[in-house]
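Colleague: Just passing along the structure, written as structure tokens.
Read-outs: derived from the displayed coordinates by stated rules, not from any lab. Quick caveat: nothing in here was measured; it's all calculated off a predicted structure. Here the Cβ positions follow ideal geometry from the backbone for every residue, glycine too, while neighbour counts run over all protein chains shown.
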Amino acid sequence: MAKELAKSLGAIASILENLQRKVDDNGTQSSAAVIQKTPISLALPSFDPDSTDSHVWLQKIEGYKNEFGWSDRETVSRIGPFLLKSAQGWFSVWQPTEETWENFKIDFSVSFPKQKNLGKLLSEAVGYHSSEACSYVEYARVTLEKLKRTRAGWVDLDLIEIIAHSIDGAVVRTAAYNCGASSVSDLIAFLANYIKVPSFDKMSTHPNSQSDDLPRKNSKQISCYSCGKIGHFSRECKSKAFPIHSNTDAKTFCRYCKKPGHEISHCFRRQDKRARDSGGETSVDKKFKGE
């Protein structure tokens, strides 16, 4: 009986030993998997002292550190390229007594304290208009991000009203107010149905805009009754070929073209008509030939 009991206990011990070995092997493989899954070129979030909240940024880096199992030294070495402007200069001269992640967070938070200028953030959010974005959807997303930076605890209905307020164009703005959206996502989906037309000012200043060509095209269709040349009106004529009519001659009227300011003997429309009928050159033909 004792021998059988000892044999059973030995078998149980062997089974437990095998199970422990498997657990240890799985643990080792899991640890290796955590280290190996770190991407070779991982793009971390950048820190801009002028616009990035240091507290939020440190939390994001902390999340990457825990997820990929980085050591303190590896974490600190990875963040250097993603520090911008004055933060890059600060990092280049940072010399802690011990290069740990905790020391970095403490020193970094002291040098770049958490800033919350609510008035400035609100002004930036409300002052941003749809005319500054390429689409209404882009405008809504950017405004939403600006409002979130205030950390003011907005509810969706407040966000919807603020976003709709700065939409340029009464039709789209009114539609956004009255669309019945219950969330910002609903409002963005609604605004996706509207195509934003560029403003006239932006079109006229664009180097490839067709509006730049309109004055030149129209000028070729304008002819002067004083000198017969194209490109300007009679009132703008600087030619001395014919005297400028005074107020006393205001009643001068051409019987051919029915235009005031000249007589039939000086009517270029009549002269051009005769030239075309006889196969000769019109005043426009002479203009293009440089005559």
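Colleague: Between Glu98 and Asp72, what is 0.36 nm times their sequence separation minus the Cα-Cα distance? Round to one decimal in nm.
Modeller: Here the answer is 8.3 nm.
Colleague: Quick one: what Rg and Dmax do you get for segment 38-87 from the alpha carbons, in Å?
Modeller: Looking at segment 38-87, its Cα Rg and Dmax stand at 10.8, 30 Å.
Colleague: Quick check for you: which residues of segment 143-168 have the amide N under 18 Å from the point 7 Å beyond the Cα of Ser182 toward its beta carbon?
Modeller: Once the point is set 7 Å along Cα→Cβ of Ser182, 155-161 turn out to lie under 18 Å by backbone N, inside segment 143-168.
Colleague: Could you compute the FRET efficiency for His129 and His55, with r as their C-beta to C-beta distance and R0 at 25 Å, rounded to 0.05?
Modeller: 0.25
Colleague: Between His266 and Val197, how high is the FRET efficiency from 1/(1 + (r/R0)^6) when r is the Cβ-Cβ distance and R₀ = 51 Å? Nearest 0.05.
Modeller: 0.60
Colleague: Check segment 32-160 and count each lysine pair with an alpha-carbon distance under 23 angstrom, considering only pairs eight or more places apart or from different chains.
Modeller: The result is 23.
Colleague: Sticking with this structure for a sec: So if each residue of separation counts as 0.36 nm, and I subtract the Cα-Cα distance between Ser109 and Lys85, what length gain in nm does that give?
Modeller: 7.0 nm
Colleague: Next question. On alpha carbon coordinates alone, what is the Rg over Rh value for segment 31-166, Rh being the Kirkwood radius?
Modeller: Taking Rg over the Kirkwood Rh, I get 1.06.
Colleague: Using label points projected 7 Å from each Cα along Cα→Cβ, tell me how many nm separate Glu161 and Arg274, to one decimal.
Modeller: Those two pseudo-labels are separated by 7.7 nm.
Colleague: Find out how many positive minus negative residues lie around Val155, taking Lys and Arg as positive, Asp and Glu as negative, among other residues whose Cβ is under 13 Å from that of Val155.
Modeller: -2
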